[in-house]
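Read-outs throughout are calculated quantities, based only on the coordinates presented, and are distinct from any laboratory measurement. Quantities reported herein were computed from a predicted structural model and do not represent experimental measurements. As a convention, Cβ positions derive from the backbone with ideal geometry for all residues, glycine included, and neighbour counts pool all protein chains shown.
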Amino acid sequence: MAERQYNYELCEERHGNITEAFQRQGERIGKVENRFLAIMTILVVNLLGIVGTLAVLLLRLNVQGG
């Protein structure tokens, strides 16, 4: 088996590419996280609106019926 010689420049280039790829991946994950938080916030606000509407309807029903 032939021995391979260590190539410092090639090693540095590969490490640079790996570091750059991890940075891009981190940015993409950050965007997905922000979208997820926005969707969750919208869902919570929507649920609060539904619960509020039901409470108002129940209160009106109790006032009219009682």
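Against the longest alpha carbon principal axis of the chain, how many degrees, from 0 to 90 and to the nearest 10, is the axis of helix 8-65 turned?
0 degrees
Please give the length that would be gained between Q5 and R24 if that part of the chain were fully extended, namely 0.36 nm times their separation in residues minus their C-alpha to C-alpha distance (nm, one decimal).
Working: separation 19, 0.36 × 19 = 6.84 nm, distance 3.11 nm.
3.7 nm is the gain from fully extending Q5 to R24.
How large is the charge dipole for the chain, taken about the Cα centre, if only the Cβ atoms of Lys, Arg (+1) and Asp, Glu (-1) carry charge, to the nearest 20 debye?
600 debye
Please grab the % of Cα pairs in the chain that end up more than 17 Å from each other. If you can, show how the numbers build up before the last one.
On the way: 1506 of 2145 pairs.
That fraction is 70 percent.
Using +1 at the C-beta of Lys and Arg and -1 at the C-beta of Asp and Glu, which of G26, N7, L37 has the Cα lying farthest in the positive direction of the dipole of the chain?
Farthest towards the positive pole: L37.
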